[in-house]
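The values are calculated or read from the model by the stated rules, or taken from the named source; none is laboratory data. Worth saying up front: this structure is predicted, and the values here are computed from it rather than measured. Positions of Cβ are backbone-derived with ideal geometry, glycine not excepted, and every protein chain shown enters the neighbour counts. Surface accessibility is based on the protein's heavy atoms, side chains included, excluding ligands, DNA and RNA. Shrake-Rupley method; radii C 1.70, N 1.55, O 1.52, S 1.80 Å.
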Amino acid sequence: MCKSSIKKSINPYRLDRNILPETYSIWLEPDLVNFTFEGRESIQVRAAKPFRSITLHALDLKIREASFVTRGGERISSTSVRFNEKMQTVTIDLGRRLTPRDAGSLELVFSGILNDKMHGFYRTSYQMPQSAQKSPDARRDDEGSAIARQGGTTKQMGSFQQTAWGCATQFEATDARRAFPCWDEPDMKAVFTVTLKVPKALTALSNMPVEKIVADGKTGKKEISYLPSPIMSTYLLCFVVAHLEGIFGKDKNGVEIGIWTTPGKIPQARFAMDVAKFCLPYFADWFGIPYSLPKLDMVALPDFASGAMENWGLVTYRETALLVDPKQSSVAARQRVAEVIDHELAHQWFGNLVTMEWWTDLWLNEGFASFMGPKAVDAQFPQWKIWAQFLATEYSSALRDDSLKNTHPIEIDVKDPNEIREIFDHITYAKGSSVNRMLEHYLTEPILRKGLKSYLKKFAFKNARTVDLWQSLEEASGKPVRAVMASFTRQGGYPVISVDEATTIRGAKSRAKSGSARTLKLSQERFIFDGSADAAKCSWQLPITVSAQGSAKRFETLLNKKTGSVTVDAAAGKWIKLNPGQSGFYRAAYSPALVAPLAEAIKRGDFGPEDTLGLLDDAFVLARAGRTKTSQVMELLAGCEREMDYNVWSTIAGALGQIEELAHGEARHRFNVFTRELFAWTHERLGWDSKPKDFHLDVMLRSMMIGRLGHYGYA
């Protein structure tokens with residue numbers, strides 16, 4: 001392993017730990033005409049040592065009043081309020097020294113802007129029907145049971161002509177400080193009690209169920225108070241205020257689920273309800289830990305910067321990530337919605353119940369949600385073959401991005417809040433999920449589940465670091481999880497394993513049934529896409545699994561040095577393949593003698609789509625990097641002309657697109673002829689028109705075939 005990029009140094013952007021929040025009581029009143037808001041809050045704190053000032057986060061806020069109420073009830077007005085724009089903090093000076101026994105509550109009155117940045121507390125617009133009718137305060141779920149909800153939803157009537165305004169929040173990673181002064185770091189967890197004052201015609205949602213609604217006859221508004229939240233991080237707090245319609249249901253464990261949209265879009269919310277009702281109890285069963293809140297609301301917002309955000313109990317989505325038009329949406333759009341929902345609901349455990357200590361360990365949230373999401377999708381929609389799609393998209397893109405010289409480790413030191421946004425990338429999500437998948441294959445699913453359950457229970461409602469997870473998994477498995485996984489999370493890049501045959505031993509009694517034992521020589525080095533050498537000479541502790549023709553057994557070794565070997569049962573001339581199922585995060589470079597049997601195996605259909613696309617993708621990329629001959633690629637590719645799997649063709653199409661860039665003149669003409677012949681058989685079997693018995697992937701494959709053949713000049 002090369003030198004870690006994780007540096008232990010003091011972060012000047014982090015707050016002092018002397019004073020920490022315990023509870024927030026927050027009152028907010030948005031003004032949807034002038035796009036401002038008024039707020040006040042009382043923050044119960046604890047102190048570790050004497051203090052005379054309090055520093056917390058605040059950005060784009062004006063604080064009009066600041067005082068401190070001691071535990072004994074004395075109110076102390078602040079002597080000054082000082083903002084630090086660079087550090088995004090405010091310091092409240094109290095003018096005298098107080099002891100930890102005096103620690104009581106910080107009382108603030110403030111105002112801010114409903115910005116147009118789609119982060120912090122921001123405004124959102126949508127189209128309203130020309131006339132609207134208020135719906136009842138109680139809606140019925142799809143089992144016919146009444147669920148009490150606040151009023152303010154609307155029933156669509158007339159055409160959409162009027163623009164209306166609402167407001168919503170997006171606090172991850174460091175934007176809660178734009179809505180209220182707070183300790184805006186993930187490990188500074190607290191309990192939140194929220195009250196919103198809004199126009200009577202609007203619906204206002206927050207993380208927790210409504211506790212009470214009080215009408216204000218003078219202003220025509222209502223104050224909605226919500227139950228206290230569990231202890232949680234600031235970035236998971238959320239509120240949405242708008243004209244909203246909802247449908248409601250319960251999962252098999254009795255958790256109330258609501259899907260909310262702006263007026264006129266309720267028919268598009270039903271698919272999301274079906275997915276949520278399956279996914280939420282699926283994760284509760286898989287982790288062995290119930291969902292922690294009494295309700296789950298999911299809201300489609302017309303203005304939303306991300307795909308979705310996992311706010312605890314109130315998940316917010318871009319409309320295209322939650323809504324499915326039953327008549328117009330494509331099968332790919334339905335799949336995308338299911339993937340996003342399952343990703344966000346996985347966060348209710350990984351991220352919300354247990355939160356990373358600091359953004360360096362963001363991958364604990366995103367890498368595991370990106371790994372667990374496909375599990376739930378696959379369980380509900382097995383016909384989608386989601387893991388093969390995962391390999392063709394997430395896994396392959398992670399390998400591509402991580403092969404660049406300027407990649408970064410999964411665990412990367414971050415300080416400035418502006419740096420945090422930069423690590424919401426393919427390395428955190430796609431590589432994170434891919435190495436988690438490798439970990440599951442290394443430990444087996446039952447052992448992984450046992451370790452994760454232990455980890456989640458130990459750190460429930462707390463914060464954790466990556467090493468805490470490895471410790472729980474080591475205790476569950478007895479394997480060197482920390483050493484293996486650190487080599488993938490604490491350094492950038494990944495290895496290419498060169499494979500060659502060392503010796504052939506015939507006639508051994510212990511091998512009589514399988515024919516012979518063959519020893520493979522293995523060597524590892526970092527794979528860099530441009531073909532250059534690795535100056536840092538990185539190495540990995542890599543679980544290697546090998547499959548062989550004619551054997552149901554998997555042959556395993558832990559390659560913890562630059563070179564090693566593994567012995568497999570396979571007769572001479574039979575194929576041998578590293579990384580069955582493409583579970584390991586590495587590439588395999590086979591000697592020419594080992595490639596020929598693999599090409600024949602592809603032609604016979606010996607492999608499933610995962611192994612076929614893995615072989616092809618490795619060959620394409622290694623050839624482009626100059627590590628293998630392009631002729632080896634074409635040898636493998638020639639066996640795919642009767643392939644019928646969408647994911648394999650997706651890999652082929654992407655690789656051919658890169659080769660196409662190098663072909664010009666007569667070479668391009670020959671290339672087009674070759675690709676037309678390659679694609680034609682599959683296209684002819686699928687036909688031009690959809691069929692009633694088409695599977696999800698058949699539809700996607702037909703679209704790809706027609707598009708690619710048209711591109712290559714198929715008449």
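Under the rule of at least 5 residues apart or a separate chain, name every residue whose amide H is placed under 5 Å from the amide H of Asp413.
It is Lys7, by chain and number.
Assign unit charges at the C-beta atoms only (+1 for Lys and Arg, -1 for Asp and Glu), then state the dipole size of the chain relative to its Cα centre in Debye, rounded to the nearest 20.
Numbers: 91 positive and 82 negative charges, 273 e Å.
Result for the chain is approximately 1320 debye, rounded to the nearest 20.
For the pair Ala535/Arg627, report the inter-label distance in nm, with labels modelled 7 Å from Cα in the Cβ direction.
According to this spin-label approximation, the distance is 2.0 nm.
Classify the stretch 175-265 as rounded, prolate or oblate from the Cα gyration tensor: take a ≥ b ≥ c as the square roots of its eigenvalues, call it rounded if a/c is under 1.5, otherwise prolate when a/b beats b/c and oblate if not.
It comes out oblate by the Cα gyration axes.
For the stretch 586-715, with the dipole built from +1 on Lys and Arg beta-carbon atoms and -1 on Asp and Glu ones, taken about the Cα centre, which of Trp649, Leu662, Phe695 lies farthest toward the positive end?
Of the candidates, Leu662 comes out farthest on the positive side.
Relative contact order, percent, of the chain when contacts are C-alpha pairs under 8 Å separated by at least 6 residues?
9 percent
Could you tell me the distance between the Cα centroids of the stretch 532-593 and the stretch 264-305, to the nearest Å?
Between the Cα centre of the stretch 532-593 and that of the stretch 264-305, the gap is 41 Å.
Within straight cross-link reach of Lys405, meaning Cα distance under 15 Å, which aspartates and glutamates are found once same-chain residues fewer than 8 apart are removed?
Partners within reach: Glu525, Asp530, Asp534.
Run down the lysines and flag those whose C-alpha is under 22 Å from the C-alpha of Lys553, throwing out any fewer than 8 positions away in its chain.
Candidates past the 8-residue exclusion: Lys479, Lys509, Lys513, Lys521, Lys574, Lys577.
For the chain, give the percent of accessible area contributed by carbon and sulfur heavy atoms, probe 1.4 Å, rounded to a whole number. Numbers along the way, then the final one.
Details: 14530 of 29150 Å².
So the carbon and sulfur contribution to the accessible surface is 50 percent.
Residue-wise, which Karplus ³J(HN,Hα) couplings in Hz belong to the stretch 228-242, taking 6.51 cos²θ - 1.76 cosθ + 1.60, θ = phi - 60°, and x for glycine or proline?
In residue order, the calculated couplings are x, 7, x, 5, 7, 7, 4, 5, 9, 6, 7, 8, 10, 10, 5 Hz.
Near the amide H of Glu501, under 5 Å away, which other amide H atoms are found, from residues 5 or more places off or on another chain, if H is placed in the peptide plane?
Long-range HN contacts for Glu501: Lys521.
With each pseudo-label sitting 7 Å past Cα toward Cβ, what's the Leu227-Thr393 distance in nm, one decimal?
3.6 nm
Hey, which of these cross-link pairs are over 29 Å Cα-Cα: Lys385/Lys562; Lys375/Lys462; Lys385/Lys462; Lys117/Lys252; Lys385/Lys561?
Too far apart for the 29 Å limit: Lys385/Lys562; Lys385/Lys462; Lys117/Lys252; Lys385/Lys561.
Work out from phi, with θ = phi - 60° and the Karplus expression 6.51 cos²θ - 1.76 cosθ + 1.60, the ³J(HN,Hα) of each residue of the stretch 191-197, listed in order in whole Hz, and give x for Gly and Pro.
With the stated coefficients, the stretch 191-197 comes to 8, 10, 10, 10, 10, 10, 10 Hz.
Ignoring everything but the protein chains, give the 1.4 Å probe accessible area of Thr630 in square angstrom, nearest 10.
Solvent-accessible area, nearest 10 Å²: 80 Å².
Could you work out the helix-only [θ] at 222 nm for the chain, with each DSSP H run of four or more residues adding -39,500 (n - 2.57) and the total divided by the number of residues, to the nearest 500 deg cm²/dmol?
Values: 16 runs with 205 residues, N = 715.
Here the helix-only value at 222 nm equals -9000 deg cm²/dmol.
Given the protein chains as shown and a 1.4 Å probe, how many square angstrom of Lys200 are accessible, to the nearest 10?
90 Å²
Using the Karplus curve 6.51 cos²θ - 1.76 cosθ + 1.60 with θ = phi - 60°, work out ³J(HN,Hα) for each residue of the stretch 526-542 in order, rounded to whole Hz, and write x for Gly and Pro.
5, 8, 10, 4, 7, x, 6, 7, 8, 5, 7, 6, 5, 9, 10, 9, 10
Go through Trp359, His426, Ala486 and say which Cα lies farthest out towards the positive end of the charge dipole of the chain; charges sit on Cβ, +1 for Lys and Arg, -1 for Asp and Glu.
The Cα lying farthest towards the positive end belongs to Ala486.
As an exercise, identify the chymotrypsin sites (Phe, Trp or Tyr not before Pro) in the stretch 660-715 lying in DSSP coil whose Cβ has no more than 14 other Cβ atoms within 10 Å.
Within the stretch 660-715, the qualifying chymotrypsin sites (Phe, Trp or Tyr not before Pro) (loop, at most 14 other Cβ atoms within 10 Å) are Trp688, Phe695.
What size of dipole, in debye to the nearest 20, comes out for the stretch 346-475 about its Cα centre when the only charges are +1 on Lys and Arg C-beta atoms and -1 on Asp and Glu C-beta atoms?
Taking the Cα centre of the stretch 346-475 as origin, the dipole is about 460 debye.
In the chain, which Cys residues have no partner Cys with a Cβ closer than 4.7 Å?
Cys167, Cys182, Cys238, Cys279, Cys640
Restrict the search to the stretch 611-698; then list the trypsin sites (Lys or Arg not before Pro) that DSSP places in a loop and that have at most 12 other Cβ atoms within 10 Å of their Cβ. Don't skip to the answer; put the middle values down first.
Details: sites: Arg624, Arg627, Lys629, Arg642, Arg668, Arg670, Arg676, Arg685, Lys693; in loops: Arg627, Lys629, Arg642, Lys693.
Taking the stretch 611-698 and a limit of 12 other Cβ atoms within 10 Å, the loop trypsin sites (Lys or Arg not before Pro) found are Arg642, Lys693.
In the chain, if the dipole is taken from +1 on Lys/Arg beta carbons and -1 on Asp/Glu beta carbons about the Cα centre, which of Ser539, Pro281, Gly626 is farthest to the positive end?
Ser539
How many nm separate the modelled label positions at Ala215 and Val673, each set 7 Å beyond the Cα in the direction of the Cβ?
8.2 nm
In nm, what is the difference between 0.36 nm times the number of residues separating Thr99 and His664 and their Cα-Cα distance? Could you put the intermediate results ahead of the total?
Numbers: separation 565, 0.36 × 565 = 203.40 nm, distance 7.82 nm.
Full extension from Thr99 to His664 adds 195.6 nm.
Which value, in Å² rounded to 10, gives the accessible area of Glu65 with a 1.4 Å probe and all protein chains present?
Roughly 110 Å² of Glu65 is accessible to a 1.4 Å probe.
For the chain, what does the accessible surface come to per residue with a 1.4 Å probe? Please give it in Å².
On the way: 29150 Å² over 715 residues.
Computed with neighbouring chains in place, this is 41 Å² per residue.
Amide H of Tyr494: which non-local residues (sequence gap of 5 or more, or other chain) have their own amide H closer than 5 Å, using H built in the peptide plane?
Residues meeting the criterion, in which the H sits 1.01 Å from N, are Phe527.
Which label belongs to the value computed from this structure, given these candidates for mean projected area of the Cα convex hull in nm²: (1) 31.3; (2) 35.8; (3) 52.5?
It is the value labelled (2).
Give the distance, in whole Å, between the Cα centre of the stretch 33-102 and the Cα centre of the stretch 646-670.
62 Å
Can you compute the charge dipole magnitude of the stretch 309-387 about its Cα centre, using +1 on each Lys and Arg Cβ and -1 on each Asp and Glu Cβ, nothing else charged? Give it in debye, rounded to the nearest 20.
Values: 6 positive and 10 negative charges, 82 e Å.
Magnitude of the dipole: close to 400 debye.
Over the stretch 477-636, calculate the relative contact order: mean separation of alpha carbon pairs under 8 Å at least 6 apart, over the residue count, as a percent.
The value is 22 percent.
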